[in-house]
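K.L.:
Sharing a structure, written as structure tokens. Questions coming.
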Amino acid sequence: MQATQFQNAQKELALFDLDHTLLDVDSDYLWGEYIVKHNLVDEAEYRTANQKFYQDYIEGTLDATEYNEFVAQFLSSLPLDRLDELREDYIKSEIEPHIRPKAMEVLCQHIEQGHDVVIISATNDFVVSAIAKRFGIAKANVLATPLEIKNERYTGKLTDKPNFQAGKIYHLDKWLNKQQVAGITFEKTYAYSDSKNDIPLLEWADVAVCVSPDEALHAHALAHRWAVEDWSL
């Protein structure tokens, strides 16, 4: 085998947050509202907890492990095939109407230019991997909070750190290491997000783009001369 086959391929990488970046909504929160609406959980108990966690997320105080284990408890109550049916209906009814056309346009531009595109989200991989398919992104290029499956059933636990705040850099580094083993390195990187929680990710990238950013991120973007774009519907 010739040595030239092991030479690195230099590419460009575009990282997209999901909620309030590619979508005009929070997919994690909407999943909770969906299962409440369809009487799959106790409405008062679940909605109260879901709203509290969402408020913590907005304020930047979310315990991401506690939240994702809360979400995963429901997933552990049903077999995978039933969950797949519910998820498909949820995406069609609750997510597809909220895909941002500008987000799809920018993501497709990166793909057309031969860049690798990764969706990187704090939401769990059960939700994110299916939504990513709507953007033409394969599961191998999805970084999300990993939920444990054993014996064809969710266990209600995580398999690793939440993909949240600095956790995104942790999971991204693991993904990049796999790419490097495959002979792929990236000469330029882009990151797109709306949230102050993603400042570590945006600082990591060569090009940071703040998409309809929250107040704290908008201020940070102005101070650091990052691009600010409005992709809202």
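K.L.:
Would you pick out the residues in the stretch 204-233 that are open to solvent by less than 80 Å² (accessible area, probe 1.4 Å) and in contact with a Lys or Arg (Cβ under 6 Å, 6 or more places away or on another chain)?
P.N.:
The answer is 214, 216, 217, 231.
K.L.:
Turning to a different aspect of this structure: Select from the stretch 91-120 the residues that are out of contact with any strand residue (DSSP E or B) (no Cβ under 9 Å at 6 or more places or on another chain) and of a type in the set (D, E, K, R) and write down the one among them that is nearest to residue 37 (Cα to Cα).
P.N.:
Across the stretch 91-120, the extreme among qualifying residues is 94.
K.L.:
Continuing with this model, one more query. Which residues, taken from the stretch 100-131, are under 15 Å from residue 31 (Cα atoms) and not hydroxyl-bearing (Ser, Thr, Tyr)?
P.N.:
Those that are under 15 Å from residue 31 (Cα atoms) and not hydroxyl-bearing (Ser, Thr, Tyr): 122, 124, 125, 126, 127, 128, 130, 131.
K.L.:
Is one or more of the residues making up the stretch 66-78 acidic (Asp, Glu), touching a Leu at 6+ places or on another chain (Cβ under 8 Å) and at pLDDT below 95?
P.N.:
no
K.L.:
State whether the residues of the stretch 169-191 include one that is open to solvent by 10 Å² or more (accessible area, probe 1.4 Å), within 30 Å of residue 74 (Cα to Cα) and among the hydrophobic types (A, V, I, L, M, F, W, C).
P.N.:
Yes: the stretch 169-191 contains one or more residues that are open to solvent by 10 Å² or more (accessible area, probe 1.4 Å), within 30 Å of residue 74 (Cα to Cα) and among the hydrophobic types (A, V, I, L, M, F, W, C).
K.L.:
Same structure, new question: Among the numbered conditions (1) closer than 14 Å to residue 19 by Cα; (2) at pLDDT 95 or above; (3) not in a strand (DSSP E or B), tell me where residue 120 comes up short.
P.N.:
Exception for residue 120: condition (3).
K.L.:
Looking at the stretch 132-162, which of its residues are surrounded by fewer than 16 Cβ atoms within 10 Å (Cβ to Cβ) and either within 20 Å of residue 29 (Cβ to Cβ) or under 9 Å from the mean Cα position of the chain (by Cα) (or both)?
P.N.:
Across the stretch 132-162, the qualifying residue is only 134.
K.L.:
With respect to residue 189, is the statement that it is among the hydroxyl-bearing types (Ser, Thr, Tyr) and more than 18 Å from residue 224 (Cβ to Cβ) true?
P.N.:
no
K.L.:
Among the residues of the stretch 142-185, count how many are among the hydrophobic types (A, V, I, L, M, F, W, C), in a helix (DSSP H, G or I) and closer than 23 Å to residue 199 by Cα.
P.N.:
Of the residues in the stretch 142-185, 5 are among the hydrophobic types (A, V, I, L, M, F, W, C), in a helix (DSSP H, G or I) and closer than 23 Å to residue 199 by Cα.
The values are calculated or read from the model by the stated rules, or taken from the named source; none is laboratory data. No experiment lies behind these values; they were computed from the predicted model shown. Because the Cβ atoms are built from the backbone with ideal geometry, glycine has one as well, and the counts that use them run over all protein chains shown. Each accessible area value is taken on the protein alone, full model and side chains, heavy atoms only, with ligands, DNA and RNA left out. Shrake-Rupley method; radii C 1.70, N 1.55, O 1.52, S 1.80 Å.
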